[in-house]
Amino acid sequence: MKMIVITRKHLMAASCIMLSLILIAVGSVITNASRERKLPIYCVETNDKKIAISFDAAWGNDDTETLINILKEYDVPATFFVVGAWVDKYPESVKQLSDAGHRIENHSNTHPHMPQLGTNQMSNELTACNEKIAAITGRTPTLFRPPYGDYDNNTIDATNSANMACIQWSVDSLDWKDNATPDSICHRVVSKVEPGSIVLFHNDADHTPAALPQILKTLKNEGYEFVFIEDLILKENYIIDHTGKQCKIKE
């Protein structure tokens, strides 16, 4: 029978190998934790039948005044995420929206894919748009919605560094699609809304003005209260779960 002799040298070599494997494993855990994906707020956990509707304004402007009139008729506050370049082009509409009591928030300055930008570029996008909005409304935005809904951890970090909250949506009206109709937009929104929802529309989609009255009327009849996104979201003692739902930390 062949005898295997384990020397002190062998034991030391084995110990070094084991230590190396442990360090690699620990390093992998730390690296993965540091790369944990951060999420914007998509909706809010609440038992109250409160929801927020929002409009993105980046390109055209044909329907903005019509939307203001509809929202006034149904006494509904809305949050408008506007691009800085849109503010440059339509400053009178920004003032109209603000004067009508709606909240004007940040949708970037030039509508880029934020993850493709460096940290300074992200900061400049946020700052430039904020300054343009504040110059007209007298109020600096506190919310940011990434163009195209495109974000990464750096986007979230840049938003937080600007003392703003990054906002997505939980109900997409899909009002921008070529095959959208007033009925399809209305059905999609009404069927998906639940307490704490954030709904996405666009200010210049073809059929939104026709769909909006029925949506607002139906949801009001179902007992929903419309609030600004800023008043819907939690400001402290919360977590954002894996779905993007903002939840109050249970004490």
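The values are calculated or read from the model by the stated rules, or taken from the named source; none is laboratory data. Given the structure is predicted, the values throughout are model-derived calculations rather than measurements. Please note: Cβ atoms are built from the backbone with ideal geometry, for glycine as well, and neighbour counts cover all protein chains shown. Calculation scope for accessible area: heavy atoms of the full protein, side chains included, ligands and nucleic acids excluded. Shrake-Rupley method; radii C 1.70, N 1.55, O 1.52, S 1.80 Å.
Before moving on, here are some points about what is shown:
- Other residues whose C-beta falls under 10 angstrom from the C-beta of T137 contribute a net charge of +3, scoring Lys and Arg +1 and Asp and Glu -1.
- Paramagnetic reach from R139 (point 7 Å along Cα→Cβ, amide N under 17 Å) across region 209-245: 226-235
- Region 147-234: C-alpha gyration tensor shape, a/c 1.5 cut-off, then a/b vs b/c: oblate
- Packing here is the average count of other Cβ atoms within 10 Å per residue, and on that basis the peptides 190-199, 50-59, highest first, run 50-59, 190-199.
- Per residue, the average separation of C-alpha pairs within less than 8 Å and at least 6 apart gives the chain a relative contact order of 29 percent.
- For region 64-144, the relative contact order comes to 33 percent (Cα pairs under 8 Å, sequence separation of at least 6).
- Dipole-positive endmost among A100, L143, N124 within region 86-162 (Cβ charges, Cα centre): A100
- Of all accessible heavy-atom area on the chain, the percent that carbon and sulfur account for (1.4 Å): 53 percent
- Tilt relative to the chain, helix 208-221 - C-alpha long axis, 0 to 90 degrees, to 10: 80 degrees
- Database remark: amide H of K50 closer than 5 angstrom to the amide H of G196, E225 (H placed geometrically; neighbours at sequence offset of 5 or more, or on other chains; Pro and chain starts carry no H).
- Across the cross-link table entries K72/K220; K50/K217; K95/K177; K95/K248, which are compared at the Cα atoms, the separations over 25 Å belong to K95/K177; K95/K248.
- Taking a ≥ b ≥ c as the square roots of the eigenvalues of the Cα gyration tensor, the chain is classed as prolate, since a/c reaches at least 1.5 and a/b is larger than b/c.
- The packing ranking, built from the mean of other Cβ atoms within 10 Å per residue, places the peptides 100-113, 218-231 in the order 100-113, 218-231, highest first.
- Descending by average beta-carbon neighbour count within 10 Å, the peptides 181-189, 134-142, 205-213 line up as 205-213, 181-189, 134-142, the highest first.
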